[in-house]
Amino acid sequence: MLERGYYQPIPQPSSSSRSRHLFLIGATAVLLLFLLNASRTEEARSWTQWETSTASNELEGPGKLEGIIGKVEGGMTAPNDHVEALMAPPGTSSPPTLEVLQLHREDWPVPSELGKEDRYLSYLPHSGFHNQRISLVNALVLSKLLDRILLVPAVTIGAPIGWGNPRRLQHDLERAQGSSIPRCRAIKDPEMRRKKCGTNWDSIRASWSWLLDSERISTEHKVITRHQIERKWMMEALEIEETDIYTFSDEDRYSHQLFDDSTNPSNLEDYHANFTNRINLEELQALRSFKLLEFGSLFGQTRLILSSEENKELRERTRMLMAFKEPIIEAASESVAVRLGGRNEYFAVHLRTGHRDRFEENGREYAADVFQKLCEACGLPSSTIFTLLNANRHDPSDPSYSPTPLSLPDPSSATSSTSLSCPYALYPPASPLAALNKPLYMATDASSPQSAGSIELFRNTFPCLFIYKNFEGESGGEELARLKRLVGDETGEPLERFFIPFVEAEVVAKAEIALGTPGSTFSTFATTTLFESYHLESL
């Protein structure tokens, strides 16, 4: 028997205590609204401080290259009034009308519509959003190859649920399903909050059919929504017994690697070496008598080793089905893209800076790698790229530090080709760096861009660098303003902070050139699946 959650039925209050309970509920609601408003005010204040430092030369911009790639008369030019107004936090006004967004939808068949002879496949999602996306692709492909119906669980957006063996992961998923941000936030004791809510309570859950093109998915694959993660719900909904289920032991993060060709050797260098068990597709097909094949984790880029060209094409089609098709997110990203000059009229980078992980530890190295690739895509010679990288070195005491000045014309005061005014003066048309005048959009998870050293390299070189914050406020349009009004249909939690990464991924994908952080599944998704989706649409 799987371990259940910590929650017990809540006793009904007596008539004599209802008034006190109503008072406490009202007071709690007022307190939560106050804390939410204070958080947003602090965020706006911290960003305003960054913008102020921009105008006061704390952020030196492309003018930092003075004396290295050519002297700039008067130094760096400060942002003009238009950009300053754009970056300023919106003025105070009456609270906006909230808009409830339905995150859980009935776009796929329900169990009652299925036949007695149907066969099913299930799995347990875990980790960040894009790891869950990879798991979903693997599960869709596997269920298609086995002619089984896939039970698709909800996707967790926000704080991730980490991998665990099936018992642990099942328990964590059940606890998360029964938690809500407002309730967990109200628990002030850290230990009690951890016990009641776990460590991933700051997240929301939604149906995949809300975010993706559910009609196209159901055309290619047999799917139903797993409305409840509890195993009991699954058995009752499918009308199956324990003897109808074949469960795969999943005690290791990479337990099972699945092959569509039993003659394909499992020790090739290209395959993930950490998998502990090999399963051939024909072995799974031989389990047809079991109504449900129950897997734990299906995450991993090399989880499925496909040799058949037909199967590879299936996986590629399934991968492309992961492109977002949510109209609110699409409208918001299109609004930003238009302000940048329109699709294919700007460059974009997806830069992960991380928090206490390898992206933070190797942030400068990853940023330099992306920077070099972007400069190469702009047609800059290697000698110029080397000089730009050297000019932004952060350890001049290093004996190998030897910047080589280039004799380049001074940047001009020309205006940008985009509807936005660039924060810094452009390079003149005859400059070897003129290609860098094109607007550059940077999607980043840096909480404080003003102190993120990995971003400085781009900030000091590209005069038309923009990030999401530049498009907020009245000038951002109704599409971005709408994000601030959205709340979830189950908990009423504001959704903007969960949606911004999706919006940014789409903005990156609509660029002429899109580059991402090495090793990031999020960056890879934005610069491949999403990028290809939008660029195929334009053909």
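The values are calculated or read from the model by the stated rules, or taken from the named source; none is laboratory data. Predicted model, so just to flag it, every value in this text is computed and none were measured. Heads up, the Cβs are rebuilt from the backbone with ideal geometry, glycines too, and the neighbour counts pull from every protein chain shown. These accessible areas exclude ligands, DNA and RNA; they are computed on the full protein's heavy atoms, side chains included. Shrake-Rupley method; radii C 1.70, N 1.55, O 1.52, S 1.80 Å.
Find out how many positive minus negative residues lie around residue 126, taking Lys and Arg as positive, Asp and Glu as negative, among other residues whose Cβ is under 11 Å from that of residue 126.
0
Based on the alpha-carbon gyration tensor of the range 104-150 and its eigenvalue square roots a ≥ b ≥ c, which shape applies: rounded if a/c is under 1.5, prolate if not and a/b is larger than b/c, or oblate? Walk me through the numbers on the way to the answer.
Working: a/c = 2.74, a/b = 1.49, b/c = 1.84.
Because a/c hits 1.5 or more and a/b fails to exceed b/c, the range 104-150 counts as oblate.
In square angstrom, rounded to the nearest 10, how much accessible surface does residue 345 have for a 1.4 Å probe?
Around 90 Å² of this residue is reachable by solvent.
Please sort 180-192, 250-262 by packing, taking for each peptide the average over its residues of neighbouring beta carbons within 10 angstrom, highest first.
Highest-to-lowest ranking by the protection proxy: 250-262, 180-192.
Using the Karplus curve 6.51 cos²θ - 1.76 cosθ + 1.60 with θ = phi - 60°, what ³J(HN,Hα) values do you get for each residue of the range 371-381, in whole Hz, with x for Gly and Pro?
4, 4, 5, 5, 5, 5, 5, 7, x, 6, x
What percent do you get for the relative contact order of the range 466-539 when only Cα pairs under 8 Å and 6+ apart count?
That works out to 20 percent.
Distance from the Cα centre of the range 233-254 to that of the range 498-539, in angstrom?
After rounding, the separation between the Cα centres reads 36 Å.
Taking K and R as +1 and D and E as -1, what net charge do the other residues with C-beta under 12 Å from the C-beta of residue 161 add up to?
0
What is the range 288-390 by shape, rounded, prolate or oblate, if you read a ≥ b ≥ c off the alpha carbon gyration tensor as root eigenvalues and call it rounded for a/c under 1.5, prolate for a/b larger than b/c, and oblate otherwise?
The shape class here is prolate.
When ligands, DNA and RNA are left out and all protein chains stay put, how many square angstrom of accessible area per residue does the range 332-371 have with a 1.4 Å probe? Intermediate results must be reported in sequence, preceding the final value.
Details: 1770 Å² over 40 residues.
Normalised by residue count, the accessible surface of the range 332-371 is 44 Å².
If Lys and Arg each add +1 and Asp and Glu each add -1, what is the summed charge of the other residues whose beta carbon sits under 9 Å from the beta carbon of residue 530? Working shown, then result.
On the way: positive: 510; negative: 506, 532.
Neighbourhood net charge equals -1.
Tell me the accessible surface of residue 468 in square angstrom (1.4 angstrom probe, heavy atoms of protein chains only), to the nearest ten.
Approximately 10 Å² of residue 468 is accessible to the 1.4 Å probe.
Just read off the accessible area of residue 279 with the full protein assembly in place, 1.4 Å probe, to the nearest 10 Å².
We get 10 Å² for residue 279.
When a/c reaches 1.5 or more, the comparison of a/b and b/c decides; with that in mind, is the range 197-248 rounded, prolate or oblate per its Cα gyration tensor?
Because a/c hits 1.5 or more and a/b fails to exceed b/c, the range 197-248 counts as oblate.
Hey, which of these cross-link pairs are over 18 Å Cα-Cα: 484/510; 222/291; 144/312; 438/510; 196/232?
Correct reply: 484/510; 196/232.
Please list 210, 233 in order of solvent-accessible area, largest first, computed with a 1.4 Å probe with all protein chains present. Write down the numbers at each step before the final one.
Details: 210 5, 233 60 Å².
Heavy-atom accessible area, descending, gives 233, 210.
With just the Cα atoms defining each centre, how far is the range 316-374 from the range 168-201? Give it in Å.
Taking the Cα centre of the range 168-201 as reference, the centre of the range 316-374 is 31 Å away.
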